[in-house]
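J.: Before I ask anything, here is the structure I am working with.
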Amino acid sequence: MFLVYTEKMSLQKLSLTTLLYFTLLLIIRVDSTQPPFSCDSSDPSTNNYPFCKTTLPISQRVRDLVSRLTLDEKIPQLVNSAPPIPRLGIPGYEWWSEALHGVANAGRGIRFNGTIKGATSFPQVILTAASFDSYMWYRIGQAIGTEARALYNAGQATGMTFWAPNINIFRDPRWGRGQETPGEDPLVTGKYAVSYVRGVQGDSFEGGKLKGHLQASACCKHFTAYDLDRWMGTTRYKFDARVTAQDLADTYQPPFESCVKQGSASGLMCAYNRVNGVPSCADYNLLTRTARGQWGFHGYITSDCDAVSIIHDDQGYAKSPEDAVVDVLKAGMDVNCGSYLQKHTKSAVKQKKLPESEIDRALHNLFSIRMRLGLFNGNPSNQPFGNIGTDHVCSPAHQVLALQAAQNGIVLLKNTAKRLPLQKSKSMSLAVIGPNANSAFTLIGNYAGPACNSITILQALQNYVKNTFYDAGCDTVGCSSASIDKAVGMAKEADHVVMIMGLDQTQEREDFDRVDLVLPGKQQELITCVAKAAKKPVILVILCGGPVDISFAKHDPNIASILWAGYPGEAGGIALAEIIFGDHNPGGRLPMTWYPHDFVKVAMTDMRMRPQPNSGYPGRTYRFYKGHKVFEFGYGLSYSKYSYKFKHVTSNKLYLNESSSMKMVENGQKVNYKSVSELDTEFCENKKFSVTVGVENDGEMDGKHPVLLFVKPEKNENERPIIQLVGFQSVILKSEEKAEIEFEVRPCEVFSRATENGLMVMEEGTHLLVVGDEEYPISIVV
């Protein structure tokens, strides 16, 4: 069951601030230029090429095309900026485009210098994930894919392959790119990947609609176990991630498996780092045996940019540049972001290290994607997606969606004595203080293009309160210098104080991990002084991707309310203002653990998920971490209160004795178990059951609320997760309204665990389904 806002409902509920915002949207459109394509029907020479005949299977068309190329024509096609092949009427193609949370110009394939000047900038992914709304994630993917195709149709794209989503696990809170991910949970990350990919590529929400044609191509990255950029002298370029088979099986790999098997992603990107000594882009077991063989991946595999060169130049894994080329192509990589393959592939062939058939294999995958995108089918205006015009970019529907995404992701962390929402009053005065209050750029995050429009948090608040005073409080977000006296003086005079603090891209970003978990510079001192001086307890808004230890604010009685807003995108200022003044009821829940500052004692290079009590290693993420938390995964308040009850569970005991079981000794204990791989698909399908949860809005405000279903073992043994998310759905409830939500539970997935050697097994014992404070026991009998 999926309950979501419709566009019509949203437009009816728009505040005056929102309507003013939409009136600012203006894109100047003139006649578009022709998009690049092959097999022009007006060119007589193309009629004789089988690769231009759309009635033939793509595999046959690609074989024909590749067979016509000379070696000198083939090799330049192995890099991201593939040149044209004029004699065959094939234009150049750019593989590198970005669309993390909106079509961006961070890659080389998209330009905003034509009829279209910007694209919808949705919240940074970490905040979008906090909505726990997979259908909304799908709608965002749809919007991005539509705007991408519109840019191509307008002649402003030389490629339709977008290197998103980033589905690495947010393993360490210091990681500068954690903001790009859906958080720390493998299930959430996998479901986000599936929803986003299906949306971008033009599939249905349930999947299965695609029949070869791609609206745009999505690429899941960075494969695999990549979550360190630059920390204490260790860089992603040389880092060797030492990962156990157990952690690979139940943490690092599941999102990518979901992306491929359920999402049908058409692209994968192999990462810079090595995993257990082997560079990801040179790992045959990873790229070919696992992705293509076990998961059935049918698409192209790109390197991260210059990830091939570092295999020789930095890691020393390959003895020569030619060996690096051989290693990646034989491993199953297809295209190199960079120029290394263009420079060194021919010499690898001449040295008889590389058979030409390996080049042909890669080209088959690459041209197959270009054909699935419709780029070899003649004039695109006559093809599927050819009618997507410039009016689809920055459309009112997409603007509503960007606002919804920000509204539904923002998390209320504290609200003492119902300080929020503020009552609207024409006579009130408001002090807005903080270095993030008046920066539209900070709201957007990284990997973004020019937004359709953006207003700052300050401007959005000013639309509610005319008598608003503002001071940045700090020289920059780094806050090496703070104007504390000025801010304190302003706070003393105002009826209410809202402080907009936190981080920005100078503090966390790609190639830049944090070394601490506290607010930068003098931010904490500024907050404490202003809160102490204000007439009433202040409202604190934190912008950041990675978590910050704000324990001081959590326990300060002078700080009544705390909101986490991630980087909320172009409509984020409006969303925050609407929440602060009660035009929207917050319902977001944290997609990652907020750790205390002393977590920095843990080496970021330590990839282990599970705790090691003997050494003091605390473990990572809510599934394994046993230390103190500032805020827990899944935590989030609302202006309403919600209660739960297990209404109906179709099975409370599962028998696995239909087939033989085995015993194993792990950690000194004998355990009866059954390997999931030995349970056939029909058996697992027959054992699934439904769980019905009753939800009630006990508060005075209508609201949208994510319901999270967890499972935990009655006895936490054998390195099982302490607790694990197994399902989530969002429900919209009016005040005092009740609803029932049905979850489908698949025991082979929900109750299995990874052994030390990476084998997924089900073992006897009792598990507890958990929603809120409610628990329901399920027994497994082997």
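J.: Counting each DSSP H run of 4 or more residues in the chain as -39500 (n - 2.57), what helix-only mean residue ellipticity at 222 nm follows after dividing by all residues, to the nearest 500 deg cm²/dmol?
T.: One gets -7000 deg cm²/dmol as the mean residue ellipticity at 222 nm.
J.: Moving on to the next point. GluC sites (Glu not before Pro), restricted to the stretch 714-752: which are DSSP loop and have at most 15 other Cβ atoms within 10 Å?
T.: Those satisfying the criteria are 714, 717, 736, 737.
J.: Tell me, what HN-Hα J-couplings in whole Hz come from the Karplus equation 6.51 cos²θ - 1.76 cosθ + 1.60 at θ = phi - 60° for each residue of the stretch 494-507, using x for Gly and Pro?
T.: 8, 5, 9, 10, 10, 10, 10, 10, x, 10, 8, 6, 6, 9
J.: If amide H atoms are built 1.01 Å from N in the plane of the peptide, which residues on other chains or at least 5 residues away come under 5 Å of the amide H of residue 509?
T.: Correct list: 176.
J.: Next question, about the same structure. Of 305, 285, 354, which is farthest towards the positive pole of the stretch 251-358's charge dipole, taken about the Cα centre with +1 and -1 on the beta-carbons of Lys, Arg and Asp, Glu respectively?
T.: Value computed over the given set: 354.
J.: Please work out, to two decimal places, the log10 of the ratio I(q)/I(0) at q = 0.06, 0.08, 0.12 Å⁻¹ from a Debye calculation in which every Cα of the chain carries one identical scatterer.
T.: For the chain at q = 0.06, 0.08, 0.12 Å⁻¹, log10 I(q)/I(0) is -0.38, -0.68, -1.45.
J.: Please work through the chain and write down the cysteines that have no neighbouring cysteine Cβ at a distance under 4.7 Å.
T.: By the Cβ distance rule, which asks for a partner under 4.7 Å, the isolated cysteines are 219, 529, 544.
J.: Do any trypsin sites (Lys or Arg not before Pro) in the stretch 392-427 lie in a DSSP loop with no more than 10 other beta carbon atoms within 10 Å, and if so, which?
T.: Those that pass, being in a loop and sparsely packed, are 426.
J.: Now for a different question. Provide the percentage of antiparallel DSSP beta bridges, counting only those with both residues in the chain; round to the nearest 5.
T.: On the way: 63 of 100 bridges.
Antiparallel bridges: around 65 percent, rounded to the nearest 5.
J.: How far is the Cα center of the stretch 688-704 from the Cα center of the stretch 743-782, in Å?
T.: 23 Å
J.: Right, next: May I ask you to evaluate 6.51 cos²θ - 1.76 cosθ + 1.60, the Karplus curve with θ = phi - 60°, for each residue of the stretch 428-433 and list the ³J(HN,Hα) values in order in whole Hz, giving x for glycine and proline?
T.: Each residue of the stretch 428-433 in turn: 6, 10, 9, 9, 10, 10 Hz.
J.: If I compute solvent accessible area with a 1.4 Å probe over the protein chains, what percent of it on the chain is carbon and sulfur?
T.: Of all accessible area on the chain, carbon and sulfur atoms account for 49 percent.
J.: Apply 1/(1 + (r/R0)^6) to the Cβ-Cβ distance of residue 423 and residue 641, taking R0 = 25 Å, and write down the FRET efficiency to the nearest 0.05. Walk me through the numbers on the way to the answer.
T.: Working: r = 20 Å, r/R0 = 0.80.
Efficiency, rounded to the nearest 0.05: 0.80.
J.: Explain nothing, just the number: relative contact order of the stretch 431-478, from Cα pairs under 8 Å at least 6 residues apart, as a whole percent. Write out the running numbers ahead of the final one.
T.: Values: 44 pairs, mean separation 28.6, N = 48.
Worked out over the stretch 431-478, it gives 60 percent.
J.: OK, next. Would you list, by chain and number, the lysines whose Cα falls below 18 Å from the Cα of residue 191, excluding same-chain residues fewer than 8 positions away?
T.: 209, 221, 261
J.: Hey, can you grab everything whose amide H is under 5 Å from the amide H of residue 297? Only 5+ residues off in sequence or another chain; H modelled, so Pro and N-termini drop out.
T.: 292
J.: Using the Karplus curve 6.51 cos²θ - 1.76 cosθ + 1.60 with θ = phi - 60°, what ³J(HN,Hα) values do you get for each residue of the stretch 742-757, in whole Hz, with x for Gly and Pro?
T.: Values, residue by residue: 9, 10, 8, 10, 9, x, 5, 9, 6, 9, 8, 9, 8, 7, 4, 9 Hz.
J.: Based on alpha-carbon centroids, what's the gap between the stretch 84-106 and the stretch 337-395 in Å, whole number please?
T.: Spelled out, the Cα-based centre of one part sits 9 Å from the other.
J.: Now, a different point. To the nearest 20 debye, what charge dipole does the chain have about its Cα centre, counting +1 at the Cβ of each Lys and Arg and -1 at the Cβ of each Asp and Glu?
T.: Working: 80 positive and 81 negative charges, 84 e Å.
Computed about the Cα centre, the dipole is about 400 debye.
J.: I'd like the trypsin sites (Lys or Arg not before Pro) in the stretch 669-742 restricted to DSSP loop residues with at most 14 other Cβ atoms within 10 Å, sorted by number.
T.: Values: sites: 670, 674, 687, 688, 704, 715, 734, 738; in loops: 687, 688, 715, 734.
The qualifying sites are 715, 734.
J.: Then there's this: If amide hydrogens are placed 1.01 Å from N in the peptide plane, which non-local residues have theirs closer than 5 Å to the one on residue 642?
T.: Under 5 Å from the amide H of residue 642: 698.
J.: Net charge within 12 Å of residue 317 by Cβ-Cβ distance, Lys/Arg positive one each and Asp/Glu negative one each, not counting residue 317 itself?
T.: Details: positive: 238, 274, 319; negative: 240, 283, 313, 314, 323, 327.
Local net charge: -3.
J.: So, for the stretch 476-552, what is the accessible surface per residue at a probe of 1.4 Å, expressed in square angstrom?
T.: Per residue, the stretch 476-552 has an accessible area of 35 Å².
J.: Write down the percent of antiparallel bridges among all DSSP beta bridges whose residues are both part of the stretch 494-589, to the nearest 5.
T.: 10 percent
J.: Also, I was wondering about something else. Using alpha carbon centroids, what distance separates the stretch 248-307 and the stretch 163-211, in Å?
T.: The stretch 248-307 and the stretch 163-211 have Cα centres separated by 14 Å.
J.: Whole number in Å², please: accessible area per residue of the stretch 295-449, 1.4 Å probe, ligands, DNA and RNA not counted.
T.: Numbers: 5430 Å² over 155 residues.
Result: 35 Å² of accessible area for each residue.
J.: Related question: Straight distance only, please: which lysines reach the Cα of residue 535 with their own Cα at less than 29 Å, same-chain residues fewer than 8 apart left out?
T.: Candidates past the 8-residue exclusion: 414, 418, 424, 426, 466, 486, 492, 522, 554, 641.
The values are calculated or read from the model by the stated rules, or taken from the named source; none is laboratory data. Quantities reported herein were computed from a predicted structural model and do not represent experimental measurements. Neighbour counts are summed over all protein chains in view; Cβ atoms, including those assigned to glycine, are modelled from backbone coordinates with ideal geometry. With ligands, DNA and RNA removed, areas are computed over all heavy atoms of the protein, side chains included. Shrake-Rupley method; radii C 1.70, N 1.55, O 1.52, S 1.80 Å.
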